[in-house]
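Peer 1: The structure is given below, and queries will be raised subsequently.
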Amino acid sequence: MKENFSKKDFVFILMTVFMVALMSACSKKPTGIRAQVKTEADNLNPSVSAAADQQASALNANYSIYSISLPKETSTGHIVELELRSPNGQYLPVTTRHENGRLDSEGRYVDSQRSLEVWVQARCSADNCSKYILLVTVVKNNQSVYQSLAISYASDCKFNLVTSSGTIGTFYSSLNAAAGSSQVSSVFPKNDISTCSQ
């Protein structure tokens, strides 16, 4: 009887080990590209951006682009998630939707504490959003006081960025104007995503 009990114990332990091994073999492993969110930028004009950032900071209007995700496919297109950093260092999550054949996305955030409006305009390229253009404009008293233009390629580790403020840099009146500018047309993909650190 004791021997029989031992066989049952052995079978139970063997089955338990088999089930654990089976479940761990079926667990989902991380897939896809290593860097899913970009938090580093290549500045297209560092001296202009530094002066613009300083001027916007003095106005307490420096809503900066902190991160841009890689495009995420949905059943009807793509979304891109980003974070803006407010003048006091808080993070504002934003999702731009490029679905149902609409490549452009836009929205507005009202910062009543600082009497600011933050306009976010974004465009995905038609080829699975491999190129993403983001224009963030901070408006005070119906006047643009700070603007960030970012170009992000899905094949790159970093996004490209330039900022403008007051009389410093170039303000774009629309997403079309930004997308057609020489600043955007002179930026090409580096195709270095495979070398990104996590």
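The values are calculated or read from the model by the stated rules, or taken from the named source; none is laboratory data. Just so it is clear, the structure is predicted and the values come from calculations on it, not from any experiment. Using ideal geometry, Cβ is built from the backbone for each residue, glycine included, and neighbour counts are taken over all protein chains shown.
Peer 1: If you scan region 45-70, which residues turn out to be of a type in the set (A, V, I, L, M, F, W, C) and either more than 21 Å from Leu82 (Cα to Cα) or not in a loop (DSSP other than H, G, I, E, B) (or both)?
Peer 2: Val48, Ala50, Ala51, Ala52, Ala56, Ala58, Leu59, Ile65, Ile68
Peer 1: Across region 147-169, what is the number of residues that are touching a Leu at 6+ places or on another chain (Cβ under 9 Å) and either modelled with pLDDT under 95 or of a type in the set (Lys, Arg) (or both)?
Peer 2: Qualifying residue count, region 147-169: 1.
Peer 1: Mind telling me which of the residues Ser125, Ser69, Ser115, Ser64 ends up being at pLDDT 95 or above, at positive phi and of a type in the set (Ser, Thr, Tyr)?
Peer 2: It is Ser115.
Peer 1: Any chance you could count how many residues in region 69-92 are surrounded by fewer than 15 Cβ atoms within 10 Å (Cβ to Cβ), of a type outside the set (S, T, N, Q) and either touching a Leu at 6+ places or on another chain (Cβ under 6 Å) or more than 29 Å from Gln143 (Cβ to Cβ) (or both)?
Peer 2: Residues in region 69-92 being surrounded by fewer than 15 Cβ atoms within 10 Å (Cβ to Cβ), of a type outside the set (S, T, N, Q) and either touching a Leu at 6+ places or on another chain (Cβ under 6 Å) or more than 29 Å from Gln143 (Cβ to Cβ) (or both): 2 in total.
Peer 1: Of everything in region 97-127, what is touching a residue at least 40 places away in the same chain (Cβ under 8 Å) and within 18 Å of Glu81 (Cα to Cα)? Give them in sequence order.
Peer 2: Correct list: Asp104, Glu106, Val118, Gln121, Ala122, Arg123, Cys124.
Peer 1: Something else about it: What pairs can you find where one residue is in region 171-183 and closer than 17 Å to Glu106 by Cβ, the other is in a helix (DSSP H, G or I), and their Cβ atoms are less than 8 Å apart, with a gap of 6+ or different chains?
Peer 2: From region 171-183, the pairs are Tyr172/Ala178; Ala178/Val184.
Peer 1: Starting from region 77-92, keep only residues that are within 8 Å of Tyr63 (Cβ to Cβ), then list their pairs with residues that are of a type in the set (Ser, Thr, Tyr) and assigned to a loop (DSSP other than H, G, I, E, B) whose Cβ atoms are within a distance under 9 Å, requiring at least 6 positions of separation or different chains.
Peer 2: Leu84/Tyr63; Arg85/Tyr63; Ser86/Tyr63; Pro87/Tyr63; Leu92/Tyr63; Leu92/Ser86
Peer 1: What strands (runs of 3 or more DSSP E) lie completely within region 93-197 and have 3 or more residues being crowded, with 22+ Cβ neighbours inside 10 Å and among the hydroxyl-bearing types (Ser, Thr, Tyr)?
Peer 2: Answer list for region 93-197: 143-153, 159-165.
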